[in-house]
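Notes for the one structure printed next.
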Amino acid sequence: MTGADRTSPRRGRLAAWTAGLCALVLVVTGAVFAAGADRDASEGAIALLLPEVETARYETTDRPTFMGIVDQRCPGCEVYYANADQNAATQQQQAESMLARGADVLVLDAVDAVAAVSIVQEAKRYGVPVIAYDRFIADADVEYYVSFDSELIGYLQGTALVAAVEERGPRRDGRPPGVLLVHGSPTDPNSAELAAGVRRALEGEGIEVLAQYDTPDWSPDRATDWVESRLTEFGDRVDGVYAANDGIAGGAVAAMKAAGFDPVPPVTGQDGELAAAQRIISGDQYMTVYKATTEQARTAAELAVRVLRGEEPRTTAVIDGVPSMLLAPRAVGARDVHHVLVAGGVYSVDEICTEAYRAACDRAGLREETP
C-alpha cells in the first residue's frame, strides 16, 4: 500500500489528528497479567499479536504495558499473546489458534499488511472484532486502528535531515548535497507513509537523492549491506542518510564507520531506542523520533477492553473509514535527549551513560544519577 492508496487527504489526516489528540484519555498501570485463568470465571479473552523481535520495543515496552493495562482495567480478562518473529505464515497460524481458543478481541500488529487481510477475514468468520495496532491494514474490515501518524514522523525525519545537511555547508565540488534513503519494509504500509513525509520535506530543498532502498523485514543487516554497496558506488558524495527507524540507522552507521567516514554524515532514525540515544549523544546518529510506545500500548489495551465490553470508544481520527487513535511523535536530537528521554522517564542517565559513552555524556552535559 502507498500513501496514494489512502482515500482521506493527508491534510485531513493531520487536521483530524491535531483536533482529536486532546480527547484521548489514557489509564496508567504497571502490573503484568498472566493468561490462562479458567474461562468459566473470565470476562473474556483478548489476543495480542506482535510482529517481530528485531525492534526492541515490542518485547520490552508494548507487550508488558498492554498486558498490565488489561490486568488493571479488566482483572477478569485473559490475554493470549504471541510474537510472529517476522513470519507472516506463523502469524496466521497464531491468530487461527487464538481464535479457536476463544479470543473475543484480536489486537493485530501485522507482519505483512497484505497477508493480514486473511487474518481479519478469519476473525470475522468467528465474529471477533479486530484492532489494527501500529500498522494499518488496508482493504480489511477492522474496527479500530491505533498508531502514530507515520507521514508526520517521516516529515519530522526529513526536515531534520535537511537541516543537518545544510549545517554541513556547501560541498567543495559545487555539486548539490546527496543523500541515501533507507526505507522500511515494503510489506509495512507505514513505510510508504514515512517515505511520503520524507519526500515532502525534501521537495524543493536542492538535495539529490543518490539512491533509495526498501529494507526487507526492517533488517539492520540488510540495511548495512545496502549502504556499504552504495558507499562503494558514491563515496563522499553521501552527505546524509535517511534511515526509517533506529535499527536501520544502526546498520547505516556501522556501514559508514567501516568505510572510514569520520565524522559520520547525519543519520535519522525512529523509535527512541536506547542504542539510538547513545549514538545521538556520541554524534554517530543525528536524531530519532520518539514515539511513546507505552502510551500506544496503553491506548490499545484500554480500547480492547472497551470493545470487549461492547462500548463505543471515542476516537481521534478516521483513516480510510476506520475509527483511529493517532498519537503524537516527538523529534529528538542531541539537545533533546535529557528533557524528552531522561526527564520523560524513558531512560535514566545511568542507562544511557555507560562506560563507552561516559565522555560523550560529559560533553553533552548528562551526568550520572546519584542515590
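Quick look at the values:
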{"item": "Odd one out for E295, checked against (1) in contact with a helix residue (DSSP H, G or I) (Cβ under 8 Å, 6 or more places away or on another chain); (2) within 16 Å of T61 (Cβ to Cβ)", "result": "(1)"}
{"item": "Which listed residue, of T90, T65, is at pLDDT 95 or above and more than 20 Å from the chain's Cα centre (by Cα)", "result": "T90"}
{"item": "Residue ID - farthest from T55 (Cα to Cα), chosen from residues in the stretch 205-240 that are touching a Pro at 6+ places or on another chain (Cβ under 6 Å) and small (G, A, S)", "result": "G206"}
{"item": "Odd one out for A304 among (1) free of Cβ contacts under 8 Å to residues at least 60 places away in the same chain; (2) in contact with a strand residue (DSSP E or B) (Cβ under 8 Å, 6 or more places away or on another chain)", "result": "(1)"}
{"item": "Matching entry among T288, T299, T315 (being buried (at least 19 other Cβ atoms within 10 Å of the Cβ), modelled with pLDDT under 95 and among the β-branched types (V, I, T))", "result": "T315"}
{"item": "Residue that is surrounded by the fewest Cβ atoms within 10 Å (Cβ to Cβ), among those in the stretch 148-202 that are of a type in the set (S, T, N, Q) and within 17 Å of G240 (Cα to Cα)", "result": "T159"}
{"item": "The stretch 241-254, subset in contact with a strand residue (DSSP E or B) (Cβ under 9 Å, 6 or more places away or on another chain) and aliphatic (A, V, I, L, M), residue farthest from E54 (Cα to Cα)", "result": "V241"}
{"item": "Positions within the stretch 203-221 being surrounded by fewer than 20 Cβ atoms within 10 Å (Cβ to Cβ) and among the aliphatic types (A, V, I, L, M), in sequence order", "result": "V209, L210, A211"}
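Residues checked against (1) of a type outside the set (D, E, K, R); (2) touching a strand residue (DSSP E or B) at 6+ places or on another chain (Cβ under 9 Å); (3) not assigned by TED's automatic domain parsing to the domain that holds A249:
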| site | (1), (2), (3) |
| --- | --- |
| T55 | yes, no, yes |
| I69 | yes, no, yes |
| A82 | yes, yes, yes |
| T90 | yes, yes, yes |
| R101 | no, yes, yes |
| V128 | yes, yes, yes |
| R135 | no, yes, yes |
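To keep it simple, each residue is scored yes or no on (1) of a type in the set (K, R); (2) closer than 30 Å to A334 by Cα; (3) at pLDDT 95 or above.
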site: A113; (1), (2), (3): no, no, no
site: I119; (1), (2), (3): no, no, yes
site: E122; (1), (2), (3): no, no, yes
site: V146; (1), (2), (3): no, yes, yes
site: D173; (1), (2), (3): no, yes, no
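The values are calculated or read from the model by the stated rules, or taken from the named source; none is laboratory data. No experiment lies behind these values; they were computed from the predicted model shown. Virtual Cβ from ideal backbone geometry, glycine too; neighbours counted across all protein chains shown.
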